[in-house]
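A.B. asks: Structure provided below as structure tokens; questions to follow.
The values are calculated or read from the model by the stated rules, or taken from the named source; none is laboratory data. In this text the structure is predicted, and so the values were computed from the model without any measurement. Positions of Cβ are backbone-derived with ideal geometry, glycine not excepted, and every protein chain shown enters the neighbour counts. The protein model used for the area step is the full one, side chains on, heavy atoms only, and it has no ligands, DNA or RNA in it. Shrake-Rupley method; radii C 1.70, N 1.55, O 1.52, S 1.80 Å.
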Amino acid sequence: MGLSIVVLGLAGLVLLQQATAGVVASKRDASLNEAAGVYAFMQAQLRTPEERGVAVHESLNRLADLADAQTTQYRVVIQGPTSSLVSAGIRAESVPTELRERVELGEGMFITPTEVVYSDPAAVAEPGWAIGTSLIGATGERYPIYYIFPMTAEQQTLGVLQRAVVGTGLALLAALGLISYLVTVQVVRPVRRASQTALKLASGELGERVAVRGTDDLASLAKSMNRMAAQLQQRFRELETLSTLQQRFVSDVSHELRTPMTTIKMASDVLHEGRGTFDPLTARTAELMSLEIDRFDAMLADLLEISRFDAGAAVLALDETDVGALVEAEINANRRMAEKLGVEVTVDVRTQDNQAAVDSRRIRRILRNLITNAIEHAEGKPVRVTVAADDVSVAVTVRDYGVGFEADDAPHVFDRFWRADPSRTRVVGGSGLGLAIAMEDARLHRGWLTAWGRPGRGAQFRLTVPRDPDHELTGSPLPVAPDDDVPAEVAR
């Protein structure tokens with residue numbers, strides 16, 4: 001509509017300009033032709049024998065009266081020897097000064113646009129043409145004469161034309177408005193409804209369908225979208241069924257394996273305790289079997305926990321807890337392993353009030369996974385744990401200066417069974433599900449668990465949980481990327 005209004009406006013302006021130029025040019029040519037004829041007649045009258053004996057001023061006066069009597073299309077201004085003769089109804093100011101100068105200095109007929117000034121004070125001046133030349137008297141004297149042609153009729157014509165253009169433009173705008181409304185009803189609205197349905201489908205409302213009306217292209221589009229939605233709904237149902245079967249299979253297998261696993265572990269513990277009476281080869285075999293059975297038992301426990309998350313059965317047991325105390329307790333629990341691997345673990349509690357409503361068991365499990373991973377990958381370099389809090393959240397970072405990982409791998413470190421370096425042998429062991437479970441525990445608290453790493457510069461994991469589980473996090477007291485350089489003792 002906006003573009004149509006602009007086009008109509010430009011077309012109307014061009015039409016009016018062309019019409020105005022044509023009318024003005026036509027009036028100019030007609031004025032010149034009529035002025036030339038009247039001049040020839042007046043010049044002939046001025047030189048007739050009857051006028052030769054009459055005073056010049058009187059002769060000019062008669063010619064002016066004669067011109068006024070013959071036509072109303074123009075007015076005459078004659079510069080006599082003693083005074084100017086001006087036709088009734090106009091004033092001498094209707095003759096432009098420029099035209100007077102040209103007539104006085106040259107010979108011939110000159111024309112210029114002018115503004116016709118009427119003697120009636122109530123009358124409004126209007127545009128016109130002024131044509132000037134000189135009458136030659138019997139003795140050769142020159143008497144300037146000016147013909148004033150008002151454009152009254154032409155202005156009326158242009159006014160009618162302007163009203164016609166404006167009226168036609170308004171009618172066209174009304175027609176365009178009606179067409180736009182019909183297009184909106186028949187095209188835009190169905191497309192808008194299809195777009196809204198597509199958004200609902202994208203948000204998971206796969207039961208939505210587009211109403212099909214008629215047999216045009218829009219109806220074909222609606223049928224195609226409905227067919228696509230039906231196919232998507234069917235595929236999602238199949239995927240949901242498959243996912244449910246997989247979760248049930250993992251859960252059932254894990255549960256079924258618990259009983260025989262308990263028996264095997266008991267037998268393994270008996271063999272492990274009595275390995276001192278075995279020969280070296282059998283004793284080593286008993287040790288390896290005990291380690292692998294312990295690892296298998298931990299993997300079964302992690303699989304059971306993952307199946308609870310997948311089934312949506314995991315719940316929180318919240319209580320007001322000092323997160324800093326949980327961090328120190330978990331560091332003390334893993335101190336022996338750190339000393340065995342030659343890793344110094346330090347903790348920096350920057351704030352005094354670190355209370356939050358959390359599930360202590362799950363938070364300790366997150367911290368255990370982060371700290372043991374840091375110790376394992378530190379390669380004998382220090383591990384620094386930092387605790388800080390603000391008004392709405394508590395954060396813990398675990399920083400190591402070991403092997404690290406690529407920046408592109410940060411989104412994948414929490415994937416199940418993901419390893420940055422598949423060829424790397426585990427030192428501590430584990431099921432490969434620890435970080436995945438830690439991420440699920442953090443999400444269950446409506447918190448954040450993020451990772452930063454660079455090859456050769458180590459890694460930093462940050463856990464942020466809200467003090468109140470009903471509060472949505474918008475920031476963290478600690479940055480996700482470390483703000484420290486590699487210490488000198490580490491660089492050496």
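A.B. asks: Between Ala410 and Ile136, what is the label-point separation in nm under the 7 Å Cα-to-beta-carbon projection?
C.D. replies: 10.2 nm
A.B. asks: How far apart, in nanometres, would the label points at Thr184 and Asp217 be if each is projected 7 angstrom from Cα along the Cα-to-Cβ direction?
C.D. replies: That separation, rounded to one decimal, is 2.2 nm.
A.B. asks: Another question about this same structure. Can you put Trp448, Trp129 in order of accessible area, largest first, using a 1.4 Å probe?
C.D. replies: From most accessible down to least: Trp448, Trp129.
A.B. asks: Scan the chain and note any complete DSSP helix (H) whose C-alpha atoms cover at least 20 Å along its axis and whose Kyte-Doolittle average is 0.5 or more.
C.D. replies: Values: long enough: 2-46 (64 Å, 0.93); 56-70 (21 Å, -0.33); 152-183 (46 Å, 1.14); 217-273 (80 Å, -0.39); 280-311 (46 Å, 0.24); 360-377 (25 Å, -0.57).
Qualifying helices, which must be both long enough and hydrophobic enough, are 2-46, 152-183.
A.B. asks: Quick check: Cα centre of the range 312-350 to Cα centre of the range 431-452, how many Å?
C.D. replies: First find each Cα centre; the distance between them is then 15 Å.
A.B. asks: Using a Förster distance of 30 Å, how high is the FRET efficiency between Ala267 and Thr346, based on the Cβ-Cβ distance and rounded to 0.05? Before the final figure, lay out each step's value.
C.D. replies: Details: r = 42 Å, r/R0 = 1.39.
Rounded to the nearest 0.05, the efficiency is 0.10.
A.B. asks: Given that just one value was derived from the coordinates, which of [x] 2.22; [y] 1.01; [z] 1.35 is Cα Rg over 2.2 N^0.38 Å?
C.D. replies: Correct label, based on the coordinates given: [x].
A.B. asks: Over the heavy atoms of His471, what accessible area does a 1.4 Å probe trace out, to the nearest 10 Å²?
C.D. replies: 70 Å²
A.B. asks: On to the next question. Which whole-number percentage describes the relative contact order of the range 130-175, with Cα contacts under 8 Å and a sequence gap of 6 or more?
C.D. replies: 26 percent
A.B. asks: Checking the cross-link filter: which lysines have an alpha carbon closer than 22 Å to that of Lys223, excluding same-chain neighbours under 8 positions apart?
C.D. replies: The reachable lysines, counting only those whose Cα sits under 22 Å from Lys223, are Lys200.
A.B. asks: Given H placed 1.01 Å from N in the peptide plane, which residues other than close sequence neighbours of Val76 have an amide H under 5 Å from its amide H?
C.D. replies: Ser87, Ile148
A.B. asks: If you don't mind, there's one more thing I want to ask. So, with a 1.4 angstrom probe, what is the percent of accessible area on the chain that is carbon and sulfur?
C.D. replies: 56 percent
A.B. asks: Ignoring ligands, DNA and RNA, what accessible area per residue does the range 94-190 give at 1.4 Å, in Å²? Write down the numbers at each step before the final one.
C.D. replies: Details: 5350 Å² over 97 residues.
It amounts to 55 Å² per residue over the range 94-190.
A.B. asks: Leaving out ligands and nucleic acids, note down the accessible area per residue over the range 355-408 with a 1.4 angstrom probe, in whole Å².
C.D. replies: With the other protein chains kept in place, the range 355-408 gives 31 Å² per residue.
A.B. asks: If you count only protein heavy atoms and use a 1.4 Å probe, how large is the accessible surface of Val6, to the nearest 10 Å²?
C.D. replies: In the full protein context, Val6 sits at about 80 Å².
A.B. asks: While we're looking at this one, here's another question. Would you work out the relative contact order for the chain, in percent, from Cα pairs under 8 angstrom that are 6 or more residues apart?
C.D. replies: Reported relative contact order: 9 percent.
A.B. asks: Show me 319-325, 463-469, 199-205 ranked by packing, highest mean number of other Cβ atoms within 10 Å first.
C.D. replies: For the peptides 319-325, 463-469, 199-205, the packing ranking is 463-469, 319-325, 199-205.
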